[in-house]
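*Asks:* Quick one: structure below, then a few questions.
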Amino acid sequence: MTVVTFWSRRPAAKVGSGYNDPVNSALERPSPRTVLASSTLLGSLAPEQIDALLEHSRLAQAGRGEVIWMDGSEASYLGIVGTGFVKMVRSSAGGQELTAEIMGPGQSFGLLGAIEGTGCPLSARAVSAVWYLRVPKTDFLALYGGNLPLRDHLIRRTTLRLRGAIDMMSRMASGRVEHRIAAVLIQLAESYGVEEADGAMRLEVPLSRQDLAELAGTTVETTIRITSRWTKQGVLKAQYRSLTIQNLGRLLEILGD
């Protein structure tokens, strides 16, 4: 079983250079050190290396639906998600937006563009209101160039992520909404699932039904209708502020239908 927490969310923010909610920002704003420490890539660095990266790193906030950068653009930083979700997308020739990756708390985006010095291969869009840490590309490259363990770790992670991105885009290219919602839930389980003693996979990350709908490229109403049907079929179990995947195998079968 996988537990996905569905938090109540504020209204969608307008696309712009930043987002500020005077009621909730102070409560949700993480510290730069906390975000960096949570990083699956950089969190294990030596204290002095973390201090060096934090010297010029800055927290930034993006509102729901806000484009952080477009594919092909050059960013002067790489991002580490503190709270919320960022989806990495690519537009097809027909104008359809395909989700390649879902980046949540502790995950980094913009790494390839920072290392290769090329434009970002994918667009980055905030799925929900997001706090993320901007780590200057120059500071990261100075550390990356002289740190062989970090380089080896990054190469291994990049290989896995590229394989995962190909799988995700293949799943999301389906015209069936059920396939896309199942793909999103499975990817979240793969990224954040923690196996418990009874074999359950618990995932506790802030994710509203609107977030799930936007990740799957559909409407909230359609998401509710499909998840409600799966609940009646015993695939999901809806609870207050949470959704439990009771039959992960059935979701995999849905992808193969």
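What follows is calculated from the coordinates using simple rules that are stated; it is not laboratory data. Source: prediction; values computed, not measured. Note: ideal-geometry Cβ built from the backbone for every residue, glycine included; neighbour counts use all protein chains shown.
*Asks:* Over region 94-133, what lengths in whole Å, largest first, do the semi-axes of the equivalent ellipsoid take, defined as the square roots of 5 times the eigenvalues of the alpha-carbon gyration tensor?
*Replies:* Its equivalent ellipsoid spans semi-axes of 18, 17, 8 Å.
*Asks:* What is the set of long-range amide H partners of Ser91 at a cut-off below 5 Å, with H atoms built 1.01 Å from backbone N?
*Replies:* Leu98
*Asks:* Explain nothing, just compute: Karplus ³J(HN,Hα) = 6.51 cos²θ - 1.76 cosθ + 1.60, θ = phi - 60°, for every residue of region 220-228 in order, whole Hz, x for Gly and Pro.
*Replies:* Going residue by residue, I get 4, 4, 5, 4, 5, 4, 6, 5, 5 Hz, with x marking Gly and Pro.
*Asks:* Which residues' amide hydrogens lie under 5 Å from the amide hydrogen of Leu122, considering only partners 5 or more residues apart or on another chain, with H built in the peptide plane?
*Replies:* Gly72
*Asks:* Per residue of region 42-57, what does 6.51 cos²θ - 1.76 cosθ + 1.60 with θ = phi - 60° give for ³J(HN,Hα)? Whole Hz please, x for Gly and Pro, Karplus curve as stated.
*Replies:* 10, x, 9, 5, 5, x, 5, 6, 4, 4, 5, 5, 6, 4, 10, 6
*Asks:* Amide H to amide H, which residues 5 or more places from Thr83 or on other chains are under 5 Å from it, using H placed in the peptide plane?
*Replies:* Long-range HN contacts for Thr83: Trp131.
*Asks:* Quick one: net charge of Ala142's neighbours, Cβ under 15 Å, K/R +1, D/E -1?
*Replies:* Residues close to Ala142 contribute a combined charge of -2.
*Asks:* Then there is this: What length, rounded to one decimal in nm, is gained on full extension from Glu55 through to Thr219, with 0.36 nm per residue of separation minus their alpha-carbon distance? Each step should come with its number before you reach the end.
*Replies:* Values: separation 164, 0.36 × 164 = 59.04 nm, distance 4.15 nm.
Length gained, Glu55 through Thr219: 54.9 nm.
*Asks:* Based on the Cβ-Cβ distance from Glu190 to Thr138, what FRET efficiency comes out when R0 is 25 Å, to the nearest 0.05?
*Replies:* With a Förster radius of 25 Å, E is 0.15.
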